[in-house]
Amino acid sequence: GVPVAVVEPLAPVKQELSVIEKSKRLAAWTAVDHHIHEEHKVIGIGSGSTVPYVVERIVQQGEKLNHERVFLPTGFQSKELIVKANLRLGDVDQYPSIDVTIDGADEVDHDLNCIKGGGACHLREKVLAEAAETWIVVADYRKNSDVLGTTYKQGVPIEVAPFAYAKLLQNVHLLGSENACLRMAKGGKAGPVVTDNGNFVIDAPFDEEMMRDPHELLTKIKMLTGVVEVGLFCHMAQAAYFGNADGSVTIK
Ligand code: 5RP
């Protein structure tokens, strides 16, 4: 098993945040403190609601350090975060070797495998995870689980080429996901969600037996023609930080 450590609570935060928000912030701040150091010059910034706290903590490290760094986004949201924080924006095509990427996750299992893509950013997130010497996950305690699919019920996010989606729904169904569906944008006649790369997303729930071997499942889905990327991140994280409701942080 992966060793689990609990670190002391950080100093109390100033504004009143909900327990969940405090947990996200604790995870993010602790991960930055542990993994983003002076020598790290190329930093990947992930997506989701935990990542703003990563950027917040990086900004607190001061202009002197940050002025020598470049920050690579995993999507529109993180690009905005980087720009608004006055950090230097780069891209992975300019900097294909990243020192550290910190990202959120929808769920993390006992082996540090993750479901990602709840925000439909998992293609770029995986590229920035793979390109990083160190890939760290930050989340609140609700994402910490034993088997993937236990807490994140929407299914495995699969980014697909738009014209292939109907065939892929059939094929994903044949793989065992009877309730796979095309992710739709919220609101009236909004239509399918379109990723930053112009693709669609299929959400494919699989039963517990299949989710117990996420790497095998990833391989099967990835083989389907028209699949661009799968939101299963296997054996990629060096560590995962979970903020807990009592103000401590669990590190897997
Ligand atoms: C987006 C992602 C996010 O990292 C994931 O959805 C977690 O987000 P949050 O921190 O809001 O829970 O994978 O594609």
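Read the figures in this text as sums done on the coordinates, not as results from a lab. Everything numeric in this text was worked out from a predicted model, so none of it was measured. In this analysis, Cβ positions are derived from the backbone assuming ideal geometry, glycine residues included, and neighbour counts consider all displayed protein chains.
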Cα extents of region 66-152 per principal axis, largest first, Å, are 40, 24, 21
Of the listed pairs K84/K143; K126/K222; K116/K220; K24/K143; K116/K252; K79/K189, those with alpha carbons more than 20 Å apart are K84/K143; K79/K189
One finds the C-alpha centres of region 150-184 and region 34-94 to be spaced, in Å, by 32 Å
Dividing the alpha-carbon radius of gyration of region 92-213 by 2.2 N^0.38 Å, where N counts its residues, gives 1.12
Measuring from its Cα centre, region 165-252 shows a charge dipole (+1 at each Lys and Arg Cβ, -1 at each Asp and Glu Cβ) which, in debye to the nearest 20, is 360 debye
Of region 213-252, those with amide N under 17 Å from the point 7 Å along the Cα→Cβ vector of D33 are 240-252
The equivalent-ellipsoid semi-axes of region 120-165, taken as the square roots of five times the Cα gyration tensor eigenvalues and listed largest first in whole Å, are 22, 19, 7
L72 neighbourhood, Cβ < 12 Å, K/R = +1, D/E = -1, net charge 0
Note, region 192-199: 3J(HN,Hα) by Karplus (6.51, -1.76, 1.60, θ = phi - 60°), whole Hz, Gly/Pro = x, goes x, 5, 10, 6, 4, 9, x, 9
The extension gain from E208 to Q170, computed as 0.36 nm times the residue separation minus the Cα-Cα distance, is 11.6 nm
Bridge orientation stat for the chain from DSSP, antiparallel percent rounded to 5, came to 50 percent
Taking N as the residue count of region 152-203, its alpha carbon Rg divided by 2.2 N^0.38 Å gives 1.11
Long-range amide H partners of I98, meaning residues 5 or more apart or on another chain whose placed amide H is closer than 5 Å, are A132, E133
Residues meeting the amide H criterion for E107 (H placed from the backbone, H to H distance under 5 Å, 5 or more places apart or on another chain) are I115
Across all Cα atoms of the chain, Rg and the largest Cα-Cα distance (Dmax), in Å, are 17.9, 55
Row for region 32-73, column shape: gyration tensor on C-alpha, a ≥ b ≥ c, rounded if a/c < 1.5 i.e. under 1.5, prolate if a/b over b/c, else oblate; value prolate
Here the FRET efficiency for S97 versus M223, based on Cβ atoms and R0 = 25 Å and rounded to 0.05, is 0.30
